[in-house]
Amino acid sequence: MASVANVSNDRYQLWGGCFAEEPSDALRRLNDSLAVDCRMFREDISGSQGWALELHRSGHLNDDDYLAIKQGLQKVAQEIEDELCKYGKLSDIEEDIHSVVERRLHKHAGDAALKLHTARSRNDQSATDTRLWMLASFQKLSDALKDLIAILANRAEKEINIITPGYTHLQRAQPIRWSQFLLSHAWAFHGDVTRLEEQNKRLSICPLGSGALAGCALPIDRTRLAHSLGFQGVTPNSMFAVSSRDHIVEFLNWSALCGVHLSRMSEDLIIYSSQEFGTVRLSDQFSTGSSLMPQKRNPDGLELVRGAAALLLADSVAVISTLKGLPSTYNKDLQSDKEILFRSYDKLADCLKVINGTIATLEVNAEKALGTLEPTMLATDLAHLLVRRGVPFRRAHHHVGALLRRAAELGTDLLNLPHHEYTSICPEFGKETDVQSIFSWEASVEQYTSLGGTAKSAVEHQISLLRRWLQQP
Ligand code: ARG
């Protein structure tokens with residue numbers, strides 16, 4: 001049996017005193033989590049630094065031991081950092097990062113290292129590491145999303161004069177500014193950032209000092225400890241502290257929704273970049289070709305993002321399913337929380353890089369967009385002309401419907417329909433020039449000046465709202 005007295009060759013195990021035999025290889029393989037949790041080595045070491053300081057302050061570590069641990073942990077951090085940088089993984093045979101850090105600390109700090117785990121459990125330790133890791137990672141996701149919003153807002157400003165069809169049911173509906181389309185997605189991402197920020201106050205509570213489940217039997221100042229680690233507060237109950245993974249569920253639900261937003265925007269762009277629409281051309285950097293058909297430019301990046309949304313959704317279901325029916329406090333089922341958390345985080349972070357690059361480098365074809373508009377899309381505007389002349393909207397809607405039917409009978413469209421057809425259906429259509437003035441894409445979009453609309457002023461207002469929000473600290 002490995003023991004702390006013989007740490008040179010054997011696996012350093014944080015438990016096992018009462019076992020006569022080693023665990024089977026099969027169990028070891030299933031149980032070992034180092035390949036996953038080594039990613040939290042910085043957080044594990046910060047947590048240990050904070051814990052050692054509290055043990056020292058409460059008189060459970062003398063000055064020499066505290067100093068040895070403090071300096072030893074710094075060396076361990078540097079060692080692990082270097083090895084991960086060089087080899088991409090740790091070659092240690094221990095089951096998890098907590099055991100690795102303690103074994104390596106023993107090498108540098110001697111038997112002082114054996115006092116570090118006083119009154120601490122891996123249950124509160126790993127819960128603390130995970131929350132610290134999440135706090136740092138949230139910031140990165142939020143920064144990437146803000147970059148995306150800035151890219152969308154910049155394009156929206158630059159391309160504000162481009163008018164393109166807006167769709168409902170994927171049928172041509174009304175002309176809109178291309179910028180209004182871009183900003184519609186920017187606002188979804190704005191919602192994602194604010195939702196992520198709202199999770200912080202529930203996430204930023206420190207479980208350390210909760211022990212295995214009952215709390216800490218030594219007089220530790222948990223609030224001081226939490227603040228020293230950068231948390232806003234402490235978990236209010238020791239059993240909750242080691243048991244709850246609600247913050248992970250909340251994050252995974254969030255990333256699933258963010259993934260859905262990325263997926264929907266991707267889908268729009270996939271459609272717009274098809275030859276049938278052709279309003280968007282993706283850059284070479286963010287397109288791929290076919291091994292067989294030389295002419296193909298495939299939107300693989302966008303398709304991968306659309307596909308990733310399904311994986312993110314599946315991950316959010318995986319963790320909540322693990323929790324359902326789980327007895328209170330720590331059970332080993334919970335170990336997979338980090339595997340899923342990291343996987344989802346990586347996927348989303350990669351998707352954001354691809355999306356940001358795709359949006360920043362795509363080209364929009366303003367002429368093609370304009371060419372895709374057709375007079376029928378101004379039917380609503382004709383109804384509004386009648387409304388402005390006192391015709392009730394429902395009646396106006398029917399009159400324009402009748403015009404469309406008449407144009408179809410005559411094999412023409414609203415623009416070329418003879419004016420007397422208009423006035424015979426409804427005299428309030430008035431002069432021919434009044435009707436002709438409706439057939440302007442620019443005039444059409446400029447009607448929508450109210451907040452959130454597609455008129456230039458309303459679009460510019462949205463851009464300035466987003467920019468002001470992006471500049472907030
Ligand atoms: N690797 C474990 C995890 O992340 C650490 C906690 C182990 N606790 C225990 N009671 N065996 O979940």
For the chain, with only Lys/Arg (+1) and Asp/Glu (-1) charged at the beta-carbon, what is the dipole magnitude about the Cα centre, in debye rounded to 20? 920 debye
Along the charge dipole of region 326-473, which of 390, 425, 465 sits closest to the positive end, that is, farthest toward it, with unit charges on the beta carbon of Lys, Arg, Asp and Glu (+1, +1, -1, -1)? 465
So for R0 = 56 Å, FRET eff. of residue 171-residue 320 from the Cβ-Cβ r, to 0.05, ends up at 0.90
Return a whole-number percent for the relative contact order of the chain, with Cα pairs under 8 Å and 6 or more residues apart as the contact set. 15 percent
What does the charge count around residue 454 come to, taking other residues whose C-beta lies under 10 Å from its C-beta (Lys +1, Arg +1, Asp -1, Glu -1)? +1
Using the basic label-point model (7 angstrom from Cα toward the beta carbon), what is the residue 142 to residue 461 distance in nanometres? 2.8 nm
What helices does the chain hold that run 20 Å or longer along their axis, going by alpha-carbon atoms, with a Kyte-Doolittle average of 0.5 or more, using DSSP H for the helix calls? 300-323
Looking at the chain only, what percent of DSSP beta bridges run antiparallel? Nearest 5 please. 85 percent
Calculate the dipole size of region 217-327 relative to its Cα centre from +1 charges on Lys and Arg beta carbons and -1 charges on Asp and Glu beta carbons; express the result in debye to the nearest 20. 220 debye
Kirkwood-based shape ratio for region 1-128, expressed as Rg/Rh from alpha carbons: 0.95
At 222 nm, what helix-only mean residue ellipticity would the chain give, in deg cm²/dmol to the nearest 500, using -39500 (n - 2.57) for each DSSP H run of four or more? -20000 deg cm²/dmol
With +1 on each Lys and Arg Cβ and -1 on each Asp and Glu Cβ, how big is the dipole of region 25-147 about its Cα centre, in debye rounded to the nearest 20? 160 debye
Give, in whole angstrom and from largest to smallest, the semi-axes √(5λ) of the equivalent ellipsoid of region 185-281, with λ running over the eigenvalues of the Cα gyration tensor. 44, 13, 8
Of 187, 360, 271, which is farthest on the positive side of the dipole of the chain, counting Cα position, with +1 on Lys and Arg Cβ, -1 on Asp and Glu Cβ, and the Cα centre as origin? 187
Peptides ranked, highest mean first, by Cβ atoms within 10 Å: ranges 245-257, 156-168: 245-257, 156-168
Can you give the direction-averaged projected area of the convex hull of the alpha-carbon atoms in region 246-291, in nm²? 4.7 nm²
For a distance above 18 Å, tell me the whole-number percent of Cα pairs in region 331-473 that qualify. 72 percent
Taking the Cβ of residue 62 as the centre, find all other residues whose Cβ is under 13 Å away and add up their charges (Lys, Arg: +1; Asp, Glu: -1). -1
Past the 40 angstrom mark, what percentage of all C-alpha to C-alpha distances in the chain do you count? 42 percent
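Every number in this text was worked out from the coordinates using simple rules, so none of it is lab data. Source: prediction; values computed, not measured. Glycine also receives a Cβ, built like all others from the backbone with ideal geometry; neighbour counts cover every protein chain displayed.
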